[in-house]
Amino acid sequence: MTKGKKRWTKAKIAGLRIPAVLIPGILLAIALGWNPTRLAKVDNYRDIKTIFPDSGIVSHVNDGDTFELQNGVVIRMIDIDSPDRGDKNYEGAKDYLGKLIDGKRIYLEYDRIQDDKYGRVLAWVWINCETAPIFLPAEYMRLSKNESREGLQENPEGCKKGILVNEAMVDEGLARVDQLNDWGALKYEARLQKLNP
C-alpha cells in the first residue's frame, strides 16, 4: 500500500452501511487488486452496477430460485421459494429455470429489499423483453414503514411481451410465493398471489 492512502478495513467498509455479509467478499476483492474508491463515492452501495446490475447473462443455475451471472453476482429471485435439495421437485424446478434462463440475457428489477443475509442480490427477473425495460424505482411500493402502494399488475415498458420468471416458476407449480411481510408489500406480490393463493 502506498503512503498517503487510507487502508480499507472491515470497520471502514461497515461505516458505508454495507451489509456485514458482503464485507468479506469486498475485502477479498481489494486484496486481489480491485480498486474500492467507487465505494466511497456513492451514497448508496446499491447504486454500484457491478454489485446490482441492470441485466446480465446467466452462467449457472444453482436451484429453482437462485442463479449466477457471468460477472459472478448471485441472484435470488425475490418473493418466491422453490424446493430445497432433497425435495422430490428440486431437480424439476432447477431444470425448468435452467431452460428459461441459462445462457440468456436477463433483466433485473429491484424492490424495497435488494439483498439477503447470504450476500445474494434479490430481484424480479425478466426475459424476452423487446428492449431494455424501464422499471419503477426500487422504493416505489413504500408509502411509509407500514403502508405500501397497490401492487403492479402490468409488465414494465420495454418488456410488455416479456416473461416475469418469478411468476413463471409459481405458475408452473415449481415455486411458491414467499412473502417477506416484515418489509411490506413487494411490486408483483399480489400478481403472484393470484397464482398461488
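Looking at the structure I just gave you, is Asp87 assigned by TED's automatic domain parsing to the domain that holds Val125, modelled with pLDDT of 75 or more and at positive phi?
No; evaluated as a whole, the condition is false for this residue.
Table: residues versus (1) more than 14 Å from Arg76 (Cα to Cα); (2) outside any loop (DSSP other than H, G, I, E, B); (3) not basic (Lys, Arg).
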| site | (1), (2), (3) |
| --- | --- |
| Lys117 | no, no, no |
| Ala123 | no, yes, yes |
| Gln153 | yes, no, yes |
| Glu167 | no, yes, yes |
| Lys187 | yes, no, no |
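Looking for whichever is in contact with a Cys (Cβ under 8 Å, 6 or more places away or on another chain), among the charged types (D, E, K, R) and over 18 Å from Glu68 (Cα atoms) here; the options are Glu130, Glu147, Glu139, Glu154. Which one fits?
Going through Glu130, Glu147, Glu139, Glu154 in turn, the sole match is Glu130.
Looking at Ala132, Ala93, can you tell me which residue is in contact with a Gly (Cβ under 9 Å, 6 or more places away or on another chain), under 18 Å from Asn62 (Cα atoms) and in the same structural domain as Ala175 (by TED's automatic domain parsing)?
It is Ala93.
Matching residues to (1) on the phi < 0 side of the Ramachandran plot; (2) touching a Ser or Thr at 6+ places or on another chain (Cβ under 6 Å); (3) at pLDDT below 90:
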| site | (1), (2), (3) |
| --- | --- |
| Pro24 | yes, no, yes |
| Leu27 | yes, no, yes |
| Lys41 | yes, no, yes |
| Ser55 | yes, no, no |
| Glu68 | yes, yes, no |
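Please go through region 106-115 and pick out each residue that is in a strand (DSSP E or B) and in contact (Cβ under 8 Å) with a residue 60 or more places away in the chain.
The answer is Glu109, Asp115.
State whether the residues of region 88-109 include one that is under 14 Å from Arg176 (Cα atoms) and of a type in the set (Val, Ile, Thr).
No, region 88-109 has no match at all.
The values are calculated or read from the model by the stated rules, or taken from the named source; none is laboratory data. Remember, predicted model here, so these are calculated numbers, not experimental data. Don't worry about glycine lacking a Cβ; one is built from the backbone with ideal geometry, like all the others, and counts go over all protein chains shown.
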